[in-house]
Amino acid sequence: MAAFAHWFARILPAAAWTCVVALLPWWLGLPLVLLAVAGAVLFDRRIAHYAELCRRALRWGLPGLLFAVQRALGGDLIAWGAALLGALVGFSLVVLMESLLDHRVRRVPSGPPSPEWSELAMAPVGPPAQIIELARAHWREAGEAFDSAAGQARFESTGNGRGRFVFEQGMVIDKASPHYCFSPGGRWFAANLPGGRGEVLWDRQSGRMHRMPGWQLSGWEGERPWLARGVDGVPMPLHEALGLGPR
């Protein structure tokens, strides 16, 4: 029952948004949809919660805009055909945009490497020619109660996109947003700090918890978290990030 209520609470605002855009004239709905596109791009990897809201507004607003367009064209068979063609093109562009944002590759300008990269390349860390491949972090949004790698858990919201995680073994992680993920083997639990301002990490094996303001989770090397400072930061393992401290 709780799961259905959570699903209904998520679907109802989205359906209402679709109806609002559909009832507006197309020349008013179009700027709203374009604003959602701009928000999804600008907030990507900066404020994860806002970026996800903009993506949802785009996905649900596009059908409403297409309905408004076919209504403006007269609502006949040709108008419906144009709307269906627009849906095919529009949703293809949405999928392409989300794919580019999720797999964005930073382009490094050609030229001599900076001293920071030179020192990093010459540092005697690990065996020669070691290649680190990070597994991507799969973020999810917690409901009021959910199954996790740590067993039954729940997220108790305190408003403004923040709250606390409560696990059945008694662990409580407060002052966190509902976005979370686990390492591939389930040893580490990670959650976003409110407003995308950093991460909180819990080592379930040792019981230690680390709050990392100013850091972003880049991915997992096996069961080890790697973090970076901002979008353009260089990923590094957790123990090195702890030595540098918060930004």
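Full extension of the segment from residue 138 to residue 78, taken as 0.36 nm per residue of separation minus the current Cα-Cα distance, would add 17.3 nm.
Measuring nothing but alpha carbons in the range 16-106 and taking Rh as the Kirkwood radius, the Rg to Rh ratio lands at 1.03. Placing a pseudo-label 7 Å from each Cα along the Cα-to-Cβ vector at residue 88 and residue 16 gives an inter-label distance of 3.5 nm. Once the chain from residue 103 to residue 242 is taken as fully extended at 0.36 nm per residue, the excess over their C-alpha distance is 47.3 nm.
With a cut-off of 10 Å between beta carbons, the residues surrounding residue 237 carry a summed charge of -1, where Lys and Arg count +1 and Asp and Glu -1. On full extension, the segment bounded by residue 197 and residue 34 gains 56.1 nm, given 0.36 nm per residue less the C-alpha separation. The chymotrypsin sites (Phe, Trp or Tyr not before Pro) of the range 174-228 include none that meets both conditions, a loop assignment by DSSP and at most 15 other Cβ atoms within 10 Å of the site Cβ.
Against the compact-protein benchmark of 2.2 N^0.38 Å, the Cα-based radius of gyration of the range 170-239 scales to 1.02. Ligands, DNA and RNA aside, residue 47 has an accessible area near 40 Å² when probed at 1.4 Å.
The values are calculated or read from the model by the stated rules, or taken from the named source; none is laboratory data. The structure displayed is predicted, hence computed values, not measured ones. With ideal geometry, Cβ positions are generated from the backbone for all residues, glycine too; neighbour counts draw on all protein chains shown. The protein model used for the area step is the full one, side chains on, heavy atoms only, and it has no ligands, DNA or RNA in it. Shrake-Rupley method; radii C 1.70, N 1.55, O 1.52, S 1.80 Å.
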